[in-house]
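A short write-up of the structure that comes next.
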Amino acid sequence: MSYKLTPYFKVGRASDLQGKDRVLYRALEILPGFLSWTTLITAVLLSIFAPVTAAYFIIALDVYWLLKTAYLSLHLRHNWKRIRYNLSVNWSEMLSKMKYEHIFHLVILPYYKEDLAVVEQSIRSLLETEYDKKKMAVVLAVEERAGEKAIEIGKAIEGRYAKKFGHFLVTVHPADVPGEMAGKGSNISYAAEEARKKILDPSRIPYKDVIVSAFDVDTVAYEQYFLCLTWHFLTSADPYKVSFQPVPFYNNNIWQAPAISRVAAGSSTFWQMMQQERPEKLATFSSHSVSFQSLYEVGYWQKNMVSEDSRIFWNLFVARSGDYSVVPLSYPVSMDANLAPSLWQTMKNIYRQQRRWTWGVENIPYILFAFIKNKAIPFCTRLRVAFVQMEGFWSLATNPIMIFLLGWLPVILGGERFNKTILSYNLPVLTRNIMIVAMLGLVLSSVIFISFLPERPKERGKLAKLSMVLQWILIPFTIVVFGAIPGLDAQTRLMFGKYLGFWVTPKHRK
Amino acid sequence: MKPLSRTKRRIYLIFFALVFVVSLPLVILYARGYRLTLSEALKFGRTGGFYIAATQSGAEIYIDSKLVKKTGIFQKNVLVQNLKPGSYDIKVVKDGFHTWTKTLSVFSETVTEAHPFMLPENPELVEVPPYLSDSGMPTSTPPKASLINTLRNPEYIQAAALFSVASSKETALKSGTSTEILGIQRKLSVENRDGRLYIEWLGKSADIPSYFCQYEQCKSSITLAGLSAVKVFDFYPGRGDLLIIAVSDGIYVAEMDDRSAQNIQPLFPGKNLDFRIDGDVIFIKQAKRMYFLSL
């Protein structure tokens, strides 16, 4: 039986299953948190009972971290070049020798309680993109539970912009549908199906010719995004076996956002840039594009979980028995950086957003379960993907804590005997020095960050630009507080079955 | 433009993996105190070091007559590494202060701790006069006999009260033992046996202060040589390893550390001196005169 026809193909959590499957899935939900906590607790216990071993382990982690930083910097640098190149290319010319007029773009913009201005900016950016608008359909996907005002915004936008696109649809996702979780996944799946029934089928547009771009409502596509996407679609060996991933920039409000928010946003961009050079490690994230045909085959995005953006990739990956991958576009789309009326609120929002992103750990039990069940996926692929994904979540949640917080632990807990050793004296100094060298990589980060900034608004002084450079010294703080801790928070919740609901990042504009 | 090629990425990965495999043992050996020596043949030699915690800023720390550090306001401590195992002379010098010297051994992979102390050569003693003048200022001149009770300096009374209380040694004597026990601080007991001080560690052996040990060999008691006929003693404020001691010709501060000759520095010369400690203040009494020394 094809894996997509199994009862567990769209499992959201262990309680969706029965019997042994349920026990197995639950155990796999516990696994990531268990591994991370075991690592941290072992580090504490080793510091007390075997401080020398703990010190060796921390030194190894320091060296590993430094080399990993250097290794990833090479990827970052290459991707930086590639994005700049892709932004300079005339994609229209690239496509001129190809037949691409049949390619139809379906853009889904889900929204909840965002302001008219936020929705309108995204629609306007779509209008400014270079692609025949008659070959574009825009679906504004609103939630019924957001209330009348949200629906009115959809109608107002429709009134203003509907005629400028080939098709325009406002869908209202009904509230409280049994088996669904309130969130983006259920909303855009509903929107995609509505678009099929109301646009694609009546207009007889072949599903294979439709590329769906599932954006966030604040996603602003750069001018040639759809041309670039079309080119990649047409040049792919099999465009139905790949998803397409742009690089998320957070430039919409970058000049208004505080430093801490810019660093968190910039770090997310850099991570995605590095992953773009390591496509075998890439899953779709946030705004992404995929053929309608593929989506239709697997019944669109999952409606019963939070991380639908990456889960759709894994749905397709396991449905195609591992014969599915991500094509990195190395072309940006821009979104909002976190910004709230107060700094404290902004920080709380960053934390919640990071926790929602790291809640992607809910894919681990899904992937591992599928790997156990679907023997058609080559064994080596299963082993490699499982390791890469597990290591990713494990290192995210534990490494910064061990390096920045627990690096001193053997000195504190190791006892008098250990404290007399040269090793005990050298450990904190060595950790500090290695981290300083690793921080040199931040110079590259700040150069890249500045190179992609939009023009400085007149009301922002020259000092604002300086702060775009200096902000990177916040990295040791953000990597722990907005990286490892929300990561550990998410894993712990999953471990104890305290499942996270969908939290919509508020889009505030100054 | 193409993504980073697989070959290039593989080369990067192999390169960094090799750097990791080669550098990690070297970094660990370095952290443990191993150093590459060029003398004789090129080989790894095990080294050790000193951690010297000076209390003064502006002090110069010498090891075997070589200046290794001039202490600052924020950095009074120094870690000296890369020393071959052996014996070294440490000297801490500052103008206007007594010099502290010590001969200590360095052991491989180990840090030998030293906690110097330096008393000012001319400490500022302030007399506490027994009376108050008519205007309320402290004075040594006694007022008229009729006012003698109303014009007593309250600070003097307070200080005198410290001396009126029988010290613990007297209590011990009164209870009939032949040993004077001052008290126990930080699990250290100090006993005065016929004018000589004996220091004993009462805590867990794992927590024993470093000056009881030479490498991993620790003893449990130390004798304070150099001062005999001890009359009064107490712990120096803020330091568990220093004693302040009154003998027949003055008050001294001595360290317990006997890994080499114990440093003893004079605090206040004179005969018939007694002292008491109240917080950070040392009160000194000579006949009926009272002084305090703020540290």
Is there a residue in the range A:130-145 that is in contact with a Lys or Arg (Cβ under 9 Å, 6 or more places away or on another chain) and part of a loop (DSSP other than H, G, I, E, B)?
-> no
Which one of these does B:Ile28 not meet: (1) facing chain A (nearest Cβ under 10 Å); (2) part of a loop (DSSP other than H, G, I, E, B)?
-> (2)
The strands (runs of 3 or more DSSP E) lying wholly within the range B:181-247 that contain at least 2 residues that are free of Cβ contacts under 8 Å to residues at least 40 places away in the same chain and either away from chain A (no Cβ under 14 Å) or not charged (D, E, K, R) (or both) are B:188-193, B:196-201, B:221-224, B:242-247
Filter pass, B:Ser23 being in contact with a strand residue (DSSP E or B) (Cβ under 6 Å, 6 or more places away or on another chain), closer than 23 Å to A:Asn426 by Cβ, not in a strand (DSSP E or B) and not assigned by TED's automatic domain parsing to the domain that holds B:Cys213 = no
Output the number of residues of the range A:378-398 satisfying the condition of being crowded, with 21+ Cβ neighbours inside 10 Å and either on the phi > 0 side of the Ramachandran plot or over 19 Å from the mean Cα position of the chain (by Cα) (or both).
-> 1
When every residue in the range B:75-101 that is open to solvent by less than 60 Å² (accessible area, probe 1.4 Å) and assigned to a loop (DSSP other than H, G, I, E, B) is compared, the one nearest to the other protein chains (Cβ to nearest Cβ) is B:Lys94
Return the total of residues in the range B:242-258 being touching a helix residue (DSSP H, G or I) at 6+ places or on another chain (Cβ under 9 Å) and buried (at least 19 other Cβ atoms within 10 Å of the Cβ).
-> 3
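Looking at this structure, is B:Leu104 modelled with pLDDT of 95 or more, assigned to a strand (DSSP E or B), within 14 Å of chain A (Cβ to nearest Cβ) and under 18 Å from the mean Cα position of the chain (by Cα)? Reasoning before the result, please.
Details: modelled with pLDDT of 95 or more: yes; assigned to a strand (DSSP E or B): yes; within 14 Å of chain A (Cβ to nearest Cβ): yes; under 18 Å from the mean Cα position of the chain (by Cα): yes.
When the stated conditions are applied, B:Leu104 passes them.
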Helices (runs of 4 or more DSSP H) completely within the range A:346-414 that count 1 or more residues being free of Cβ contacts under 8 Å to residues at least 40 places away in the same chain and acidic (Asp, Glu) | A:379-400
Test: A:Leu234 is out of contact with any strand residue (DSSP E or B) (no Cβ under 9 Å at 6 or more places or on another chain), open to solvent by 10 Å² or more (accessible area, probe 1.4 Å) and at pLDDT 95 or above | yes
Condition met for A:Asn433 (surrounded by fewer than 21 Cβ atoms within 10 Å (Cβ to Cβ), within 14 Å of chain B (Cβ to nearest Cβ) and out of contact with any Cys (no Cβ under 6 Å at 6 or more places or on another chain)) = yes
Filtering the range A:415-430 down to residues that are without any contact (Cβ under 8 Å) to a residue 24 or more places away in the chain and not hydrophobic (A, V, I, L, M, F, W, C) yields A:Glu416, A:Arg417, A:Asn419, A:Lys420, A:Tyr425, A:Asn426, A:Pro428
B:Val111 is checked against (1) open to solvent by 30 Å² or more (accessible area, probe 1.4 Å); (2) within 14 Å of chain A (Cβ to nearest Cβ); (3) within 30 Å of A:Tyr64 (Cβ to Cβ) and fails just one. What number does that condition carry?
-> (1)
A:Arg493 being assigned to a helix (DSSP H, G or I), basic (Lys, Arg), farther than 28 Å from A:Thr219 by Cα and within 28 Å of the chain's Cα centre (by Cα) = yes
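So that you can scan it fast, the table gives a plain yes or no per residue for (1) of a type in the set (S, T, N, Q); (2) not in a loop (DSSP other than H, G, I, E, B):
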residue	(1), (2)
A:Pro178	no, no
A:Met181	no, no
A:Asn187	yes, yes
A:Ala195	no, yes
A:Lys198	no, yes
A:Ser203	yes, no
A:Lys208	no, yes
A:Ser213	yes, yes
Considering A:Ser334, A:Ser325, A:Ser424, which residue is touching a strand residue (DSSP E or B) at 6+ places or on another chain (Cβ under 6 Å) and within 14 Å of another protein chain (Cβ to nearest Cβ)?
-> A:Ser325
Flag for A:Thr53 being closer than 30 Å to B:Ala31 by Cα and either away from every other protein chain (no Cβ under 14 Å) or open to solvent by less than 20 Å² (accessible area, probe 1.4 Å) (or both) = no
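The values are calculated or read from the model by the stated rules, or taken from the named source; none is laboratory data. If you're wondering where the values come from, they're calculated on a predicted model, not measured in any experiment. For neighbour counting, all protein chains shown are included, and Cβ atoms are generated from backbone atoms with ideal geometry for every residue, glycine included. Each accessible area value is taken on the protein alone, full model and side chains, heavy atoms only, with ligands, DNA and RNA left out. Shrake-Rupley method; radii C 1.70, N 1.55, O 1.52, S 1.80 Å.
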